[in-house]
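Below is one structure, written out as structure tokens; the observations come after it.
Only the coordinates and a few stated rules stand behind these numbers; no lab work does. As the structure is a computational prediction, the values presented were derived from the model and not from experiment. Don't worry about glycine lacking a Cβ; one is built from the backbone with ideal geometry, like all the others, and counts go over all protein chains shown.
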């Protein structure tokens, strides 16, 4: 059985022109083969405000054909949102790209935050945040999963004729005032419906194993 490892990392690119080195850094992900080779690398296209302090925008969304898995699309967190939150909400840039390029398997690496009403209300009290988070650690954030599905609406609508599999791996935990919502999920878009194949809770760190038909 063909396997692969999906890794998020920062990537440095040095451009040398006229004896001057220009350093560019990207928020990146890559697919690694069982032999340890990089199969494909992708640089995040839509940057979140935390990225803009250190990273460059990537050249564009990524879809490629894998000999075993078929057409694969990559995404990182903010890629699912409208560009800089200023583009029309229904532009669906990421979803439309992968619809156009016929990406049947979409792999997304995330650092998505918990709903703002929770983190804002208790932002002054790290102990309370930890308590709230710990009490719900095995419950996924349904609001977040619904939002992810909505941001992929063009693919969901097209699934009346073509199935799509969405794999979203999201960060958990609390760091420097940010509470991440976990809720990693595998969803099958089939016959115009989102079918959850498996999910993890908000604070659950585990390996999610699902058989995709």
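Give me 187, 212, 7 sorted ascending by neighbouring Cβ count inside 10 Å, so fewest comes first.
212, 7, 187
Just to be sure I understand the model, the point goes 7 Å from the Cα along the line to the Cβ. What's the resulting residue 139 to residue 84 distance in nm?
Going by the 7 Å Cα→Cβ label model, 3.8 nm.
So between residue 212 and residue 157, what do we pick up on full extension, going 0.36 nm a residue minus the alpha carbon distance?
17.8 nm
To make sure I understand, if each residue's beta carbon is the centre and we count other beta carbons within 10 Å, what order do 9, 66 fall in, fewest to most?
Listing 9, 66 from fewest to most nearby Cβ atoms yields 9, 66.
Stretched out fully, how many nm does the piece from residue 21 to residue 6 gain, at 0.36 nm a residue minus the Cα gap?
2.4 nm
Using a 10 Å cut-off around each Cβ, can you sort 196, 207, 23 from fewest to most neighbouring Cβ atoms?
207, 23, 196
Per 0.36 nm of contour for each residue apart, how much would the distance between residue 196 and residue 68 grow if the chain were fully extended, relative to their Cα-Cα spacing?
43.8 nm
Most fluctuating residue of 13, 184, 33 in a GNM of the chain with Cα springs under 10 Å: which is it?
Checking each option, the largest mean-square fluctuation is seen for 13.
Compute the orientation-averaged projected area for the chain from the convex hull of its Cα atoms and round it to one decimal in nm².
14.1 nm²
Output needed: percent of Cα pairs per 5 Å distance bin for segment 12-118, bins running from 0 to the one holding the longest distance.
2, 11, 18, 21, 18, 14, 9, 5, 2, 0, 0
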